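The values are calculated or read from the model by the stated rules, or taken from the named source; none is laboratory data. These figures come from a predicted structure and were not determined experimentally. Cβ coordinates were reconstructed from backbone atoms using ideal geometry, including for glycine residues, and neighbour counts include every protein chain displayed.
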Amino acid sequence: MNSSSNSFLRRRVTVLGSTGSIGVNTLDVIRAHPDRFEVVALTAGRQVERLAQQCLEFKPRIAVVADAAGAAQLKQLLAEKSGQLTILHGPEALLTAVLESDCDTVMAAIVGAAGLAPTLAAAQAGKRILLANKEALVMSGDLFMSAVKAGGAELLPIDSEHNAIFQCLPDRFGSTSNGNTRDHFGVEELWLTASGGPFREKSLDALKTITPDEACAHPNWVMGRKISVDSATMMNKGLEVIEAHWLFGLPLSQIRVLIHPQSVVHSMVRYRDGSVIAQLGQPDMRTPIAYGLAWPDRIDAGVPPLNLAQMANLHFSEPDFERFPCLALAFEAAKVGGTAPAILNAANEVAVAAFLDQRLPYLQIASVVRETLSAIQSVPASSIEIVLGADTQARQVAAQLVSTLARK
């Protein structure tokens with residue numbers, strides 16, 4: 001996290017995952033500050049019509065979609081209005097959007113393992129990375145942080161919790177890859193807050209019949225369906241614990257999770273002298289996005305001010321691992337290390353997709369993840385090929401487990 005030599009430089013932004021909730025909010029902030037930001041590339045998966053609208057408004061040089069059919073549809077939607085736009089498709093095209101768009105800033109907002117390769121490429125190329133893709137660090141933390149350091153990239157966390165911790169650390173904190181947070185800055189613990197999702201007060205029996213729509217009805221945040229389910233199971237928080245370990249260089253024993261239903265305190269840092277510094281704000285992703293886009297400056301994010309006088313209480317409690325077994329599994333995978341977090345992530349993606357397709361009961365998500373972790377031995381994550389191999393193997397095992405459970 002090296003400071004920019006010219007904070008008023010008009011930044012050229014590639015948005016990986018522009019049609020998702022993070023991408024849409026990123027473009028909302030950019031829209032309000034045309035003097036500071038230029039969009040040079042946009043990528044999407046299947047939401048081609050939304051991408052077409054974004055291309056018409058922001059006029060990027062490159063647009064990427066998942067497959068050839070999507071590319072043909074995008075060309076048809078834009079027709080003669082595409083101008084100098086280059087339309088590409090497929091995983092390799094994501095690298096083009098990062099490396100050949102003349103961007104200096106990459107919003108890494110592709111959900112899941114698909115975002116790993118382009119985000120790693122951005123690190124190797126020395127870009128400013130606004131990291132909203134947990135998987136880059138969950139799957140390959142050591143490799144990714146080494147690439148950030150070697151490439152001279154700027155790494156700014158966008159997840160509200162990690163962004164809050166970054167804001168609570170000293171200005172002199174420097175690179176997140178130093179691994180010496182506690183020794184240099186008197187940091188004792190990082191406290192990640194979690195809303196607890198929509199089921200924090202439901203009985204365990206009631207969770208047996210949870211539907212996808214119920215799991216996606218988050219009480220505080222507007223998010224995509226996959227991440228909403230992860231919030232409900234608290235796997236999302238488990239992945240954030242792993243991410244925080246790599247971002248801030250603290251051992252897992254010094255990273256805690258606290259249930260905070262109001263989602264006003266986004267995370268805290270406890271220092272050796274007894275101080276606890278917290279970052280507060282509305283539950284709106286435009287705040288951390290604006291912070292990352294303009295850092296070290298602060299700009300208007302379009303978010304209403306927080307009025308603490310109107311809030312009766314702020315509550316905090318320890319998470320219940322019986323209610324949230326996915327959180328416990330994430331801690332276990334993080335302790336094992338190696339490829340275990342990649343296996344955890346892949347199995348969870350398969351299980352959540354099956355739940356959203358109504359092929360797997362809600363409570364079986366944790367079962368699929370647990371059994372996949374048990375079935376595959378973790379090995380050192382010494383190369384991206386090994387990490388992706390573990391990801392592929394875990395998906396195969398998890399898919400078989402889903403099929404088996406579905407027949408019962």
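For residue 133, the requirement of being polar (S, T, N, Q) and either in contact with a Cys (Cβ under 6 Å, 6 or more places away or on another chain) or at pLDDT below 95 (or both) is met. Checking each residue in region 359-392 for being hydroxyl-bearing (Ser, Thr, Tyr) and either assigned to a helix (DSSP H, G or I) or buried (at least 16 other Cβ atoms within 10 Å of the Cβ) (or both) picks out 362, 367, 372, 374, 378, 392. Is it the case that residue 50 is under 30 Å from residue 229 (Cα atoms) and assigned to a loop (DSSP other than H, G, I, E, B)? Considered against the rule, which asks whether it is under 30 Å from residue 229 (Cα atoms) and assigned to a loop (DSSP other than H, G, I, E, B), residue 50 comes out as no. Hey, does region 158-172 have a residue that's part of a loop (DSSP other than H, G, I, E, B) and more than 24 Å from residue 257 (Cβ to Cβ)? Within region 158-172, none of the residues are part of a loop (DSSP other than H, G, I, E, B) and more than 24 Å from residue 257 (Cβ to Cβ). Counting only strands (runs of 3 or more DSSP E) wholly contained in region 232-286, the ones carrying 3 or more residues that are under 27 Å from residue 216 (Cβ atoms) occupy 255-259, 265-271. Looking only at region 312-325, decide whether some residue is under 30 Å from residue 10 (Cα atoms) and part of a helix (DSSP H, G or I). Checked against the condition, which is being under 30 Å from residue 10 (Cα atoms) and part of a helix (DSSP H, G or I), region 312-325 yields no hits at all. So which residues in region 210-228 are part of a helix (DSSP H, G or I) and in contact (Cβ under 8 Å) with a residue 40 or more places away in the chain, if there are any at all? Within region 210-228, 212, 215, 225, 226, 227 qualify.
If you go through region 237-251 one residue at a time, do you hit one that is touching a Cys at 6+ places or on another chain (Cβ under 7 Å) and buried (at least 18 other Cβ atoms within 10 Å of the Cβ)? Within region 237-251, one or more residues are touching a Cys at 6+ places or on another chain (Cβ under 7 Å) and buried (at least 18 other Cβ atoms within 10 Å of the Cβ). Residues of region 329-349 that are free of Cβ contacts under 8 Å to residues at least 60 places away in the same chain, surrounded by fewer than 24 Cβ atoms within 10 Å (Cβ to Cβ) and over 17 Å from residue 143 (Cα atoms): 332 alone.
Residues in region 326-356 that are part of a helix (DSSP H, G or I) and of a type in the set (Val, Ile, Thr): 336, 343, 350, 352.
Checking 78, 42 one by one, the residue that is within 22 Å of residue 154 (Cβ to Cβ) and touching a Cys at 6+ places or on another chain (Cβ under 7 Å) is 42 and no other. Please work out which residue is surrounded by the most Cβ atoms within 10 Å (Cβ to Cβ), limiting yourself to region 91-119 and to residues that are in a strand (DSSP E or B) and of a type in the set (Val, Ile, Thr). Restricting to residues being in a strand (DSSP E or B) and of a type in the set (Val, Ile, Thr), the top hit is 106. Just one of the listed residues (231, 267) is of a type in the set (Ser, Thr, Tyr) and either over 30 Å from residue 47 (Cα atoms) or free of Cβ contacts under 8 Å to residues at least 24 places away in the same chain (or both), and it is 267.
Out of everything in region 149-178 that is in contact with a Gly (Cβ under 9 Å, 6 or more places away or on another chain) and β-branched (Val, Ile, Thr), what residue ends up being modelled with the highest pLDDT? Selected residue: 158. Restricting 39, 64, 29 to residues that are touching a Ser or Thr at 6+ places or on another chain (Cβ under 7 Å) and either of a type outside the set (S, T, N, Q) or assigned to a strand (DSSP E or B) (or both) narrows the list to 64. The residues in region 229-276 that are under 21 Å from residue 333 (Cβ atoms) and among the aromatic types (Phe, Trp, Tyr) can be counted, and the count is 2. On inspection, residue 224 fails the criterion of being modelled with pLDDT under 95, surrounded by fewer than 19 Cβ atoms within 10 Å (Cβ to Cβ) and in contact with an Asp or Glu (Cβ under 9 Å, 6 or more places away or on another chain).
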